[in-house]
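The values are calculated or read from the model by the stated rules, or taken from the named source; none is laboratory data. Since we're looking at a predicted model, the values are computed, not measured. Here the Cβ positions follow ideal geometry from the backbone for every residue, glycine too, while neighbour counts run over all protein chains shown.
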Amino acid sequence: MPLAKATEYDTIAAIATPPGEGAISIVRVSGDDAVELVTKLFRGKDLRQVPTHTINYGHIVDPKTHEEIDEVMVSVMRAPRTFTREDVVEINCHGGIVPTNRILQLTLTNGARLAEPGEFTKRAFLHGRIDLSQAEAVMDMITAKTDRSRQVALGQLDGNLATRIRALRQEILDVLAEVEVNIDYPEYDDVETVTTKLMHDHAISVRKKIKELLATAQQGKVLRDGLATAIVGRPNVGKSSLLNYLLHEDKAIVTDVAGTTRDVIEEYVNVHGVPLKLIDTAGIHATDDKVEKIGVERSKQAIQRADLVIVVLNASEPLTTEDRDLLKFTQGKKRIILLNKTDLPQKIEQDTVQQLSGDDPVMPISVLQNDGLTALEDKIQELFFGGIENSQTTVMVTNDRHIALLNQAEQALDDVLTGITNGMPVDLVQIDLTHCWDLLGEITGDSYTDELLDELFSKFCLGK
Ligand code: GDP
């Protein structure tokens, strides 16, 4: 595709770096007037004359008062080889809130409009530099929680998912084209049969590929959003200690007083590349204490929304009714049962717990002595990523929007096949096939609505 220079958009500006103090901050300006505009504020070389993709030393000066605002380096990048495909100027200033804001204000009073969240990326999309799934990957990259999440985001940023989706759309389009020809210029007497078979075979083939993509969704979502993990157990069994071990720093309260872990807090930890979103919960146990009750209720909620439940039992005390209740309550969830405090004299048999736990893993550990914890991390990784290769080229579906669209596309193909089985006329079957093609197009943004764009890009940070 030739690089087209965009013209129909106004010039926007925003601070592209996080707020606060740092070595440098960047004010980014994009649009037809970007170079002209910053030239007015810049004392140094004439930016209109400098070669594209150069960085230039000088000062930002208020053109009205001639007040010098900051010493800066200014990058000038001319369209179309820029992130937005428009002229982009980036002012690298000292990383303080005041100079950065003053410079942003100057761009705004001199003709730029404050960019909306994600507007630079939105323009990159609207100007055809990236597709929608790549734009979404930009955000995933920024929020990647582990290196493995980053790899998946990078793959999507490189267009891996879009390439797959476009191939599926092409396959459907070829069929639709051939169906049209067959209908318009029937060469054979049995044209209806031939056409129906064509649609049938390709519906099966595309559906299979969609299923393959959807099969990666569980892992993909975990990599992108984290694996919601609830650590549950009676007070004092060692939940906070385990949490602290996983966090590798003392963030949760560890104490001997029963029931002190009252609040549900959420943090991410990296377990062999799997981002665990830890939901720390108060122990499930009968209580009259009001605050405690809220905690217990929350524990139950946490179990319900968890992808993984880690049940902690204290192996140095006999199994209690509460322990048994907890094992019952967590049945059917993906779970790991830990027998903690194996450094102390044992009061629980592993076999007994195993019988109560079905096929779920029961693992003896001692958080205090750092025993069995690596095995626990291995087990978590195996439960969720067993058999998945860790490769940059692996295409994974990670995004709820994509998953929903793939499911709908699969449904549309089911409708195609049902229609064929029921002897529906070709032109009606064609409608479902076209619908599938449209749905897939929404993933890449080959077909989109303004509402979708607004919603999607509003989740971006400012300046991106
Ligand atoms: P929670 O109430 O379930 O969060 O339990 P804590 O993590 O606060 O631990 C309660 C007490 O048990 C603390 O004094 C911990 O130091 C102790 N503890 C935790 N794990 C072990 C362990 O493996 N062995 C022993 N002996 N004590 C432990």
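If you check every pair at least six apart or on different chains, which have Cβ atoms under 6 Å apart with a residue in region 443-464 that is among the hydroxyl-bearing types (Ser, Thr, Tyr) first and a residue that is assigned to a helix (DSSP H, G or I) second?
Thr444/Leu132; Thr444/Ser133; Thr444/Ala162; Thr444/Ile165; Ser447/Asp438; Ser447/Gly441
Among the numbered criteria (1) more than 19 Å from Gln218 (Cα to Cα); (2) more than 16 Å from the ligand (Cβ to nearest atom); (3) surrounded by 17 or more Cβ atoms within 10 Å (Cβ to Cβ), which one does Thr330 miss?
Result: Thr330 fails condition (2) only.
Take region 411-460 and flag every residue that is among the aromatic types (Phe, Trp, Tyr) and either under 21 Å from the mean Cα position of the chain (by Cα) or outside any helix (DSSP H, G or I) (or both).
Correct list: Tyr448, Phe457, Phe460.
Can you find even one residue in region 423-439 that is crowded, with 20+ Cβ neighbours inside 10 Å and either under 30 Å from Leu114 (Cβ atoms) or among the aromatic types (Phe, Trp, Tyr) (or both)?
Looking for residues that are crowded, with 20+ Cβ neighbours inside 10 Å and either under 30 Å from Leu114 (Cβ atoms) or among the aromatic types (Phe, Trp, Tyr) (or both), one finds at least one in region 423-439, hence yes.
Results for (1) closer than 20 Å to Thr229 by Cβ; (2) within 15 Å of the ligand (Cβ to nearest atom); (3) acidic (Asp, Glu); (4) surrounded by fewer than 21 Cβ atoms within 10 Å (Cβ to Cβ), shown as yes or no for each residue.
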site: Ile337; (1), (2), (3), (4): yes, yes, no, no
site: Asn340; (1), (2), (3), (4): yes, yes, no, no
site: Lys347; (1), (2), (3), (4): no, yes, no, yes
site: Gln354; (1), (2), (3), (4): no, no, no, yes
site: Gly358; (1), (2), (3), (4): yes, no, no, yes
site: Pro361; (1), (2), (3), (4): yes, no, no, yes
site: Asp371; (1), (2), (3), (4): no, yes, yes, yes
site: Thr374; (1), (2), (3), (4): yes, yes, no, yes
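Being part of a loop (DSSP other than H, G, I, E, B) and within 38 Å of the chain's Cα centre (by Cα) is the filter here, so list the residues in region 40-81 that pass it.
Pro51, Thr52, His53, Arg78, Ala79, Pro80, Arg81
If I ask for residues that are away from the ligand (no atom under 16 Å from the Cβ) and in contact with a helix residue (DSSP H, G or I) (Cβ under 7 Å, 6 or more places away or on another chain), which ones from region 222-245 would you list?
Within region 222-245, Val222, Leu223, Arg224, Leu227, Ala228 qualify.
Could you tell me whether any residue of region 184-192 is assigned to a helix (DSSP H, G or I) and more than 11 Å from Val426 (Cβ to Cβ)?
yes
What number of residues within region 305-322 are away from the ligand (no atom under 12 Å from the Cβ), in contact (Cβ under 8 Å) with a residue 40 or more places away in the chain and in contact with a strand residue (DSSP E or B) (Cβ under 8 Å, 6 or more places away or on another chain)?
The number of residues fulfilling the criteria is 5.
Check whether at least one residue in region 273-294 is modelled with pLDDT of 80 or more, within 16 Å of the ligand (Cβ to nearest atom) and either among the basic types (Lys, Arg) or assigned to a loop (DSSP other than H, G, I, E, B) (or both), and report yes or no.
No - not one qualifying residue is present in region 273-294.
Hey, any hits in region 202-220 for a residue that's surrounded by fewer than 18 Cβ atoms within 10 Å (Cβ to Cβ), of a type in the set (Val, Ile, Thr) and at pLDDT below 85?
no
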